[in-house]
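Asks: Before I ask anything, let me first share the structure, which is written out below as structure tokens.
The values are calculated or read from the model by the stated rules, or taken from the named source; none is laboratory data. Quantities reported herein were computed from a predicted structural model and do not represent experimental measurements. Virtual Cβ from ideal backbone geometry, glycine too; neighbours counted across all protein chains shown.
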Amino acid sequence: MAPTPSTLSLLKFNGQNVFIDCGELDLNSTSFTIEFWAKHFGGKEWNVVVQQGEDGKDRSLHIGFVNDIFAFCFYSDDLVTSKKYIDDAWHHWSCVYDRDRKHQEIFCDGQSVAARSSGNLNSSGNFYIGCYNGTRLFFNGLIAEVRLWKTVRTAADVQRDMNVQLAGQEADLLAYWPLDEGEGKIVKDATGNGHDGTIHNESWQNTAVPFQRHTVQEEIAPATKPNSALKFTNAKSASDYVIVKPFATSPTHALTIEFWIKVGKNGRNNGTPLGISTPNQSNEFIIYGCKNIALYVHAASQSSSIAFKKDQWQHCAVTWESQTGQTQLYIDGESVFSTTLAKGAVLDSQGILVLGQEQDSYGGSFDTSQAFQGQISEVRVWNDVRTPEEIKALMSQRCTGKEEGLVGYWPLDEGEGETVKDKTSNGNDGELHGVTWGTADDLALKPVPTPKRSTPASGALRFPKLSLPVHRPHFIQPALAVDVERGRPEDLVSIRIDLLHGANYNDPAAFSV
């Protein structure tokens with residue numbers, strides 16, 4: 001079962017009169033980064049997401065959409081994207097201004113999409129969300145997670161934090177408006193710096209969001225060792241690889257396989273990152289090549305025009321399911337290629353998984369021309385088709401190994417030794433052959449969340465027919481209602497159980513208190 005997407009009650013901006021006034025903010029003395037999630041419903045005129053200042057060159061900061069093009073503007077001194085965004089989907093935006101270098105940059109979904117040398121911004125006054133100066137150019141759509149940092153955020157910073165809500169106490173965070181109150185006329189600045197906003201003409205809407213909620217139970221464990229990743233040299237022979245033999249929980253009817261990859265500067269175009277063979281089929285599943293990436297499922301194959309970038313970390317995910325044969329390739333969380341392969345096929349569960357080589361036989365017969373050169377990290381195999389939202393939500397964060405549907409998980413972060421551990425309970429550990437350990441300091445992955453459980457109330461909840469763990473039970477009114485959170489650490493689901501409406505307190509299959 002796929003995890004339930006986070007759902008929040010967000011302010012709905014109608015393009016006519018809804019906006020937020022956050023009061024005065026000083027941006028004239030610092031570099032800054034402004035980040036937010038936005039779901040833009042389109043429009044031929046300006047749709048302003050955030051704004052500060054008055055009309056006049058380099059005196060008005062305004063960020064938003066004009067004719068569906070994203071713009072980061074200082075008034076008549078503007079940086080815009082070359083692409084229109086008309087897909088009616090959630091996108092994460094980061095606008096970075098380096099005051100010392102006089103440089104602007106725009107990131108969309110963690111990737112740089114525009115940059116230039118700029119003027120010197122001199123805006124002042126109230127900071128608005130959803131309009132220009134509280135009077136015009138109103139935004140049409142949904143906005144969440146507005147963050148204002150008094151520093152230049154790097155691509156690694158953006159990618160690390162974009163898919164999770166913050167605590168509000170992060171260094172250099174000047175103001176932070178999650179915009180998830182769900183009611184009222186005030187949006188809180190979660191930093192405690194006092195930049196609360198006043199809503200005008202509020203209207204709230206429940207909506208699914210592509211990022212994880214922050215809960216009071218969650219603590220982020222500090223990293224205890226530098227990032228490591230496996231380095232495949234394979235210079236003159238097919239000598240470097242990782243083998244999982246057997247991969248006893250290899251999926252049969254549906255799968256998602258994902259990993260982070262950094263192709264070497266001189267990496268072979270035909271280098272194969274990952275493949276699974278079986279006794280009867282050497283091409284059971286393959287992600288083949290780094291240029292014109294080809295996908296193989298049960299010997300059926302299709303090449304694409306997609307290539308991995310060289311000397312740069314990218315996230316790769318491939319999904320497949322038997323009933324329709326639908327096969328998707330995702331790069332950095334975005335679908336870039338789709339085809340139909342092996343419709344109706346059932347894959348063999350007794351496979352051998354190999355990283356860094358293409359198997360021409362069951363677990364062997366490697367070809368130097370197909371040997372991968374570069375680094376790989378965070379290999380995950382799921383026995384279901386992950387949605388785009390699920391892929392994005394977890395791609396920049398390490399897993400616990402206990403996630404539902406995760407049947408193989410190799411972080412590849414040991415940094416030493418000849419074995420890589422499968423962090424699931426399935427015991428599919430891998431053996432290293434020729435591979436060396438390299439650093440991956442430029443790969444920004446959020447550590448595993450560490451649950452911090454509160455002390456339970458005097459009662460306890462019991463769900464004999466459910467396998468999901470139950471977290472943080474507490475009574476709202478004694479023996480009347482119970483609020484609980486259940487689910488996996490990365491995607492808790494809030495539930496209220498009302499004991500006054502026909503509950504059978506004597507039925508242990510329902511629950512007991």
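Asks: Name the strands (runs of 3 or more DSSP E) wholly inside the stretch 382-445 in which the number of residues that are under 21 Å from residue 249 (Cα atoms) and among the β-branched types (Val, Ile, Thr) is 1 or more. So that I can check it myself, show each step before the final result.
Replies: Details: elements: 406-410, 430-433, 436-439.
The strands (runs of 3 or more DSSP E) meeting that bar are 406-410.
Asks: While we're looking at this one, here's another question. Tell me the residue from 267, 344, 271 that is assigned to a loop (DSSP other than H, G, I, E, B), surrounded by 23 or more Cβ atoms within 10 Å (Cβ to Cβ) and not polar (S, T, N, Q), please.
Replies: Numbers: 267 fails: surrounded by 23 or more Cβ atoms within 10 Å (Cβ to Cβ); 344 fails: surrounded by 23 or more Cβ atoms within 10 Å (Cβ to Cβ).
None of the other options fit; the residue is 271.
Asks: Is there a residue being surrounded by fewer than 17 Cβ atoms within 10 Å (Cβ to Cβ), over 19 Å from the mean Cα position of the chain (by Cα) and outside any strand (DSSP E or B) anywhere in the stretch 153-168?
Replies: Looking through the stretch 153-168, none of the residues is surrounded by fewer than 17 Cβ atoms within 10 Å (Cβ to Cβ), over 19 Å from the mean Cα position of the chain (by Cα) and outside any strand (DSSP E or B).
Asks: Across the stretch 227-269, which residue is modelled with the lowest pLDDT among those that are touching a strand residue (DSSP E or B) at 6+ places or on another chain (Cβ under 6 Å) and hydroxyl-bearing (Ser, Thr, Tyr)?
Replies: Only one residue fits best here, namely 228.
Asks: So which residues in the stretch 3-31 are at pLDDT below 90, within 19 Å of residue 136 (Cβ to Cβ) and of a type in the set (A, V, I, L, M), if there are any at all?
Replies: Within the stretch 3-31, 11 is the sole residue that qualifies.
Asks: Can you name every residue in the stretch 190-206 that is at pLDDT below 90, assigned to a strand (DSSP E or B) and polar (S, T, N, Q)?
Replies: Result: 205, 206.
Asks: When the stretch 94-112 is examined, which residues are found to be outside any strand (DSSP E or B) and either in contact with a strand residue (DSSP E or B) (Cβ under 6 Å, 6 or more places away or on another chain) or without any contact (Cβ under 8 Å) to a residue 24 or more places away in the chain (or both)? Steps first, answer last, please.
Replies: As a first pass, look at the stretch 94-112 and keep what is outside any strand (DSSP E or B): 99-102, 109-110.
Those that are outside any strand (DSSP E or B) and either in contact with a strand residue (DSSP E or B) (Cβ under 6 Å, 6 or more places away or on another chain) or without any contact (Cβ under 8 Å) to a residue 24 or more places away in the chain (or both): 101, 102, 109.
Asks: Which one is surrounded by the fewest Cβ atoms within 10 Å (Cβ to Cβ) among residues in the stretch 229-264 that are assigned to a strand (DSSP E or B) and among the basic types (Lys, Arg)? Give the derivation first.
Replies: As a first pass, look at the stretch 229-264 and keep what is assigned to a strand (DSSP E or B): 229-232, 241-247, 254-263.
Subsequent filtering for residues that are among the basic types (Lys, Arg) retains 231, 245, 262.
Numbers: 231: 19, 245: 16, 262: 23.
Only one residue fits best here, namely 245.
Asks: Scanning for something in contact with a His (Cβ under 6 Å, 6 or more places away or on another chain) and of a type in the set (Gly, Ala, Ser), does the stretch 344-352 turn up at least one residue?
Replies: Yes: the stretch 344-352 contains one or more residues that are in contact with a His (Cβ under 6 Å, 6 or more places away or on another chain) and of a type in the set (Gly, Ala, Ser).
Asks: Can you tell me which residue among 369, 349, 396 is of a type in the set (S, T, N, Q), closer than 19 Å to residue 321 by Cβ and modelled with pLDDT under 95?
Replies: 349 is the lone residue from the list that is of a type in the set (S, T, N, Q), closer than 19 Å to residue 321 by Cβ and modelled with pLDDT under 95.
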